[in-house]
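Quick notes on the structure that follows.
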Amino acid sequence: MHSVSSIQENAFQALDSFQIEIPSWGFANTGTRFGKFLQPAAASTLEEKFSDAGMVHKLTGITPTMALHVLWDLPNGLSDAATIKTLEKQYNIASGSINPNLFQDQEYKFGSLCNPSAEIRGKAFAHLLDSVAIARELGSRDISLWMPDGSNYPGTQSMRRRIEWLEEALQRTHAALAPNQRLLIEYKPFEPAFYHTDIADWGMAAHLAMHTGPQAVVLVDTGHHYAAQNIEQIVTWLLHLNLLGGFHFNDRRYADDDLTLGSIDPYQIFRIFHEIHLSGPKALLQTAFMIDQSHNLKGKMEAMIQTVATAQELWLKAALVDREALAKLQTSCDLISSEELFRDAFWTDVRPLVREWRRLRGLPEDPLAALKESGYVDRIARERGGKLAAVSSYA
Ligand code: AOS
Ligand code: ZN
Ligand code: ZN
Ligand code: ZN
């Protein structure tokens with residue numbers, strides 16, 4: 001039996017090893033195709049996003065970097081880098097992964113890197129090179145590529161030719177990477193395309209990463225799977241292949257709903273984190289934990305802190321699994337004892353340990369309550385104004 005102090009010591013070690021990246025787009029207004037509900041406190045400038053991210057990090061202590069979207073955060077490209085460096089210092093938040101945008105330009109209607117037009121493919125490739133240059137200038141390790149290309153009807157596109165165009169573009173992008181940079185290839189089965197998506201599952205992303213080069217890896221967005229898929233098994237395979245680059249964390253009821261992490265299925269995230277703990281510290285260094293959410297209804301700041309705190313708790317729960325004892329029970333096929341040992345860690349209320357960890361590091365024990373007490377959201381809502389009217393796409 002472990003002593004309380006050794007449990008606490010192990011728990012604090014696990015908590016000390018956990019950081020998670022927050023997305024700039026998580027602080028801005030967003031919506032669904034049925035309308036947007038604008039929030040007065042939503043960020044609409046880069047400085048407001050840095051301010052919000054800085055506040056989340058001040059309250060949680062584990063979100064030192066913010067993912068940036070090239071089109072939304074650096075509309076002028078590389079020339080915006082100087083402003084970002086100033087904001088990084090001002091708000092104590094470093095630039096995190098750099099996210100190209102291949103899904104918004106009108107020219108990408110029939111695809112970006114997989115467009116039948118060589119000219120449009122060239123434009124998309126140039127955007128990737130710009131993104132690599134921005135990452136290099138900002139000292140970001142990861143270029144996090146979500147490639148939304150696909151088609152809506154059978155027979156309207158050559159899936160085969162699109163593979164070849166994609167392989168070529170990714171190899172050429174890889175050639176532009178600095179030695180310490182990585183290209184994260186994110187897969188998604190559908191949306192915005194609804195018949196085929198060019199990078200639809202982990203197998204396609206893994207093939208592309210292996211074909212592209214040693215600095216290309218796979219990004220697992222927890223919302224990008226069919227309902228019954230075993231995501232922790234995919235994670236295990238990617239760890240086995242040394243291809244796991246990181247995660248976009250969110251939760252889903254139906255599809256890529258970008259709900260607050262753990263709000264629907266916290267046990268799944270616990271099982272994913274267990275596979276990471278099993279792989280040891282090297283895997284942790286290679287794995288970028290990132291949040292991908294932008295809520296239409298919940299308050300941006302509150303939802304971000306909820307996700308960060310939930311991720312931290314689930315990470316600690318998974319760390320509590322006695323992996324040695326579990327391995328013995330798995331070897332002997334002791335089904336009930338192995339499952340009970342596993343579930344016991346999941347059902348452990350780790351909040352007192354997390355609160356004590358925060359207290360000892362001079363952080364608020366309850367970051368959500370501290371956000372409320374700070375009056376930060378009320379203040380930014382006043383300063384930022386914002387329209388409350390719901391803007392419907394049917395209007
Ligand atoms: C889209 O569904 C993907 O999850 C993207 O990773 C995310 O929405 C964001 O746009 C970053 O590109
Ligand atoms: Zn409908
Ligand atoms: Zn994502
Ligand atoms: Zn997504």
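A few remarks follow.
The rows are residues; the columns are (1) among the charged types (D, E, K, R); (2) within 15 Å of ligand 3 (Cβ to nearest atom); (3) under 17 Å from the mean Cα position of the chain (by Cα).
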| site | (1), (2), (3) |
| --- | --- |
| Ala133 | no, no, no |
| Leu145 | no, yes, yes |
| Met159 | no, no, no |
| Leu177 | no, no, no |
| Phe190 | no, yes, no |
| Trp202 | no, yes, yes |
| His207 | no, no, no |
| Pro214 | no, no, no |
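- Of the residues screened, Glu275 is not one that is among the acidic types (Asp, Glu), closer than 29 Å to Ser44 by Cβ and touching a Leu at 6+ places or on another chain (Cβ under 9 Å).
- Contacts under 6 angstrom Cβ, first residue in segment 167-196 being open to solvent by 20 Å² or more (accessible area, probe 1.4 Å), partner polar (S, T, N, Q) and within 16 Å of ligand 3 (Cβ to nearest atom), 6 or more apart: Phe190/Thr197
- Among residues of segment 62-95, those that are assigned to a loop (DSSP other than H, G, I, E, B) and under 14 Å from Thr45 (Cα atoms), counted: 3
- Picking from residues in segment 61-99 that are open to solvent by less than 20 Å² (accessible area, probe 1.4 Å), away from ligand 1 (no atom under 16 Å from the Cβ) and under 17 Å from the mean Cα position of the chain (by Cα), the one that is farthest from Asp142 (Cα to Cα) is Ile62.
- For segment 17-41, a residue qualifies if it is modelled with pLDDT of 95 or more and either on the phi > 0 side of the Ramachandran plot or touching a Pro at 6+ places or on another chain (Cβ under 9 Å) (or both), and the qualifying residues are Ser17, Gln19, Glu21.
- Inter-residue pairs, beta-carbon under 8 Å, first assigned to a strand (DSSP E or B) and in segment 230-248, second among the acidic types (Asp, Glu) and crowded, with 16+ Cβ neighbours inside 10 Å, 6+ apart: Gly245/Asp142; Gly246/Asp142; Phe247/Asp221; His248/Glu186; His248/Asp221; His248/Asp292
The values are calculated or read from the model by the stated rules, or taken from the named source; none is laboratory data. In this text, all values refer to a predicted model and were calculated from it rather than measured experimentally. Cβ: placed from backbone, ideal geometry, glycine included. Neighbour counts: every protein chain shown. Accessible surface is based on the protein model in full, side chains and every heavy atom, while ligands, DNA and RNA are left aside. Shrake-Rupley method; radii C 1.70, N 1.55, O 1.52, S 1.80 Å.
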